[in-house]
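Asker: Got a structure here, written out as structure tokens. Questions coming.
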Amino acid sequence: MATLAAMLALVLGLALLAVDTAEAQPDLFRRIYTGLDGNQDLNTCTRLLSVDKVIGCSSPEDGGVGALFHISSDQELDNFDRADHHSYITVISQDMFAKPTTLQRLGDYNKFKGALVYSPENTTASPWSPDDTSPNADFGLESANPPAWNSAGGGFGASGAEGSHWQNYKSRPIFYLTPADRDLVISRMTENNQLSTINPGYPLVAAELRSFMWGAKDAKTCLRRKHCDPLRSHNIWGTMQEYNTSQEVVMVTAQMDSLAFFHDQAIGANADASGLVALIAAARLLGDPMNSAIRTAQKNIMFVLFNGESFGYIGSSRMAYQMTRIPSNFPSAALPLTFDQIPYLLEIGQLLSGGEDITAYSYRNSARVQEVTGFLQTAAANLTSNMNVDYQAGADIPPASLRMILHEFRNETKREEFGGVFITDHPASGFTNSFYHSRLDNADYIDASSNATVEKLCNVSSVLAKSLWSMAFETEPPMPLQQADCDFVRELLYCITVDQTCQLVKDSVNVIENTPSPISRYVGVKPTAGTLTRPVGFFFNQLAAAIAVDRNVTYNSTDGCTANGRAPDYQRIRWRGTDVCYLSATFTHLAWSPAFDGYYSLKPLGTPSFDYRDGRDPRWSTWTESTWDPIKGRLFFVDAPHAELGTVLGGLAWFFLSLGIVYYLSTHITYDSHSLLDPDGN
Amino acid sequence: MDLRRTPAEEKLRVCKLYFYVGFAFLPWLWLVNAVWFARESRQMPELRKYVIWSAVGAVIYFAALIAWAVIFQDKRSEWGAFGDRLSVVIPKGRA
């Protein structure tokens, strides 16, 4: 008897399990759910934590679930009040999402369980930036009154503040709908009358969004619990001549990373891909064999691409910290570089959303700053017809790595004398970029393929290269090749902002994408020192190729590119698929905030233990990224609550009925002694 | 143990044993002792003090345990690293 009941229970249990797991019943599963593309790209808002702030989004542990409700106008937002279902995932158009009041109002409803954001087809978005009005104001050089550079920004105070776009959206997952997903969602809602009616009949198209973040409270807590990781990646640097400590160095820098509200949408075509492209193109022009005189110039030129700058100048803080430490140990303790060796530093920021002119910002109007701007102005006047270099000395410097470097000096006299200049496209009144640090700062916005855009970047590269040429020599010889390669500028900009499956990328790194997409340049949490992320690997190879001292080193099949034979201070880079190695003084440098120094040094890499120390410089970045459970988004239909209840009650009734029948049978049927079910014959 | 058939000395022996063993952080044993011998203690005065003190011990112990559970749940996140060290399972996504 007991055996029979056990078998029944087993069969029932197995049946339940089979329905529960997708693998066991793929057909049934597929019939119920439609996956959103977000499964492949992390088109979701994730959570980041610093010692005093938490920003971003998280779903509840079991996901945010609700019927879809469309909000593309104030009228539809008002209608949400009258929506009768108990939980909703709202489908919000970009322009409604950009209004801070939209999410504030929705947040007051318990039935609001999450949001899907989309850009309507063929529309121009209104200005929007998820970043602060004064980005990175908490880091590097302190301003008494940080100017509101980014007028399209949150506008509700410091990042993470209630009501800013970077606030902490607790338990409300927010996903971005790719155009394909947008069309799918909108068409399903249209078919089901969910676009035209506030409360159409059941069943309703619904969504389940999972983006559960482990990190909570602050960076200190989540690091201790191993629920988050410090932001960490690599800087790239390279020199024209082999580096030595006795030679002066002209440093030229740009920012490699970008950020966006949605994790994998950090395209940043203007901020800061434009400056990045200009720097690499200028390096290429100076590295051209025709301009080889630069390799015997009095001063060396060092190109630096900083990483993690969007989150409190991580890369520049690390490098400047090592350079100002006593004893300093960048690039190495044996060959240290200090800022006393650097007469000029030129940083290139966003370049493409203003007009033709560029503006040069510096801390003070020192003699060296005047020299730098003089070189820039002369080069601009000689090389271009209509570019002016405006000049803002002593005013506040816009968000730039230079702010962190100046901070690290910890000496006001040194700051004032330093020849550090930041050039960018906007006047002192604020950014001209309407979409700073959002996914809308994309190829369309900067018109990446237009001749005007390419020409402007190309011109800046030429002016930059010519200025560096002038800075490097004491007595300047004529520069044989003065025009940057505009075709290369076009191709590089295209690869970064439109299609990372382009030939230039394929030549240098392993491409896994099948369809054209921009390179997302969020800094990330690369935990080990050995390998580079693909974007960093790509930019490394581009810079290495641009300033290579020898472009035709034979590839050796046994030793590859790593064989010795040249000065150890050069790296050999092999291009994929070719048997040629480049010999180039280009290197990587670990970029992580000095605030986390003990975090990695106390234990071997990869086994982090908590050690963020109080009393570290509060102007250093402490941003960490939360660990998360697998991210998923899917569509299905929900039935009316009473119908769902009916299903459950019906199931229960059936279950007890079955039990009753079995009990009845077991008490009214006698077994004979040969029964298989009851061999003891009891 | 059928109390009706158990001799008085045996009852006393068991009740005493349970009482003393209860000091080994076994409040549940005290509770069982108090409940089990509650009726007997009315007829056997020598049992009474063990039953009463078992009950008192159990009440104090459970009160302390519940108080600690409430304080711990309430203050765990405030205590920071100390709170985490005391925790066997650290909840994800919450302070």
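Asker: How many residues are farther than 30 Å from residue A:152 by Cβ and either assigned to a loop (DSSP other than H, G, I, E, B) or hydroxyl-bearing (Ser, Thr, Tyr) (or both) when one looks only at segment A:365-385?
Answerer: 4
Asker: Quick one: which residue in A:122, A:136 is closer than 30 Å to residue A:364 by Cα, outside the structural domain of residue A:436 (by TED's automatic domain parsing) and outside any strand (DSSP E or B)?
Answerer: A:136
Asker: In segment B:1-15, which residues are of a type in the set (D, E, K, R) and either open to solvent by 40 Å² or more (accessible area, probe 1.4 Å) or touching a residue at least 40 places away in the same chain (Cβ under 8 Å) (or both)?
Answerer: Passing the criteria: B:2, B:4, B:5, B:9, B:10, B:13.
Asker: Scan segment A:54-66 and tell me whether some residue there is away from chain B (no Cβ under 14 Å) and modelled with pLDDT of 95 or more.
Answerer: Yes, segment A:54-66 has at least one match.
Asker: Kindly indicate whether any position in segment A:297-304 is aromatic (Phe, Trp, Tyr) and under 25 Å from residue A:395 (Cα atoms).
Answerer: Checked segment A:297-304: no residue is aromatic (Phe, Trp, Tyr) and under 25 Å from residue A:395 (Cα atoms).
Asker: For segment A:662-682: of the residues being open to solvent by 90 Å² or more (accessible area, probe 1.4 Å) and part of a helix (DSSP H, G or I), which is modelled with the lowest pLDDT?
Answerer: A:668
Asker: Could you tell me which numbered condition residue A:279 fails, if it satisfies all but one of (1) under 26 Å from residue A:368 (Cα atoms); (2) open to solvent by 10 Å² or more (accessible area, probe 1.4 Å)?
Answerer: (2)
Asker: Any residue in segment A:25-37 that is open to solvent by less than 70 Å² (accessible area, probe 1.4 Å) sitting within a Cβ distance under 8 Å of a residue that is among the hydroxyl-bearing types (Ser, Thr, Tyr)? List the pairs, counting only those 6 or more apart or interchain.
Answerer: As it stands, the answer is A:37/A:178, since those pairs meet every condition given.
Asker: May I ask you to verify whether residue A:653 is out of contact with any strand residue (DSSP E or B) (no Cβ under 6 Å at 6 or more places or on another chain), outside any loop (DSSP other than H, G, I, E, B) and at pLDDT below 90?
Answerer: No: the conditions fail for residue A:653.
Asker: Tell me yes or no: at least one residue of segment A:311-318 is open to solvent by 40 Å² or more (accessible area, probe 1.4 Å), in a helix (DSSP H, G or I) and β-branched (Val, Ile, Thr).
Answerer: no
Asker: Please verify whether segment B:16-27 includes one or more residues that are within 14 Å of chain A (Cβ to nearest Cβ) and surrounded by 13 or more Cβ atoms within 10 Å (Cβ to Cβ).
Answerer: Checked segment B:16-27: no residue is within 14 Å of chain A (Cβ to nearest Cβ) and surrounded by 13 or more Cβ atoms within 10 Å (Cβ to Cβ).
Asker: Okay, next question. Being modelled with pLDDT of 95 or more, basic (Lys, Arg) and surrounded by fewer than 24 Cβ atoms within 10 Å (Cβ to Cβ) narrows it down to one of A:284, A:325, so name that one.
Answerer: Among A:284, A:325, only A:284 is modelled with pLDDT of 95 or more, basic (Lys, Arg) and surrounded by fewer than 24 Cβ atoms within 10 Å (Cβ to Cβ).
Asker: Let me ask another. For segment A:126-139, state whether one or more residues are of a type in the set (Gly, Ala, Ser) and over 24 Å from residue A:49 (Cα atoms).
Answerer: Yes, segment A:126-139 contains at least one residue that is of a type in the set (Gly, Ala, Ser) and over 24 Å from residue A:49 (Cα atoms).
Asker: Quickly run through segment A:138-152 and pick out the residues that are within 15 Å of residue A:317 (Cβ to Cβ) and among the hydrophobic types (A, V, I, L, M, F, W, C).
Answerer: A:139, A:141
Asker: Can you name the condition, by its number, that residue A:223 falls short on among (1) modelled with pLDDT of 95 or more; (2) outside the structural domain of residue A:516 (by TED's automatic domain parsing)?
Answerer: Of (1) modelled with pLDDT of 95 or more; (2) outside the structural domain of residue A:516 (by TED's automatic domain parsing), only one is false for residue A:223: (1).
Asker: I need the full set of residues from segment B:53-93 which are within 14 Å of another protein chain (Cβ to nearest Cβ), loosely packed, with under 12 Cβ neighbours inside 10 Å and out of contact with any helix residue (DSSP H, G or I) (no Cβ under 9 Å at 6 or more places or on another chain), in order please.
Answerer: B:78, B:82, B:85, B:88, B:89
Table: residues versus (1) under 21 Å from residue B:3 (Cβ atoms); (2) touching a residue at least 24 places away in the same chain (Cβ under 8 Å).
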| site | (1), (2) |
| --- | --- |
| B:31 | yes, yes |
| B:38 | yes, no |
| B:53 | yes, yes |
| B:60 | no, no |
| B:65 | no, yes |
| B:71 | no, no |
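The values are calculated or read from the model by the stated rules, or taken from the named source; none is laboratory data. Just so you know, these numbers come straight off a predicted model, no measurement behind them. Cβ sites come from the backbone with ideal geometry, for glycine too, and all protein chains shown count toward neighbours. Surface areas here come from the heavy atoms of the whole protein model, side chains and all, with no ligands, DNA or RNA. Shrake-Rupley method; radii C 1.70, N 1.55, O 1.52, S 1.80 Å.
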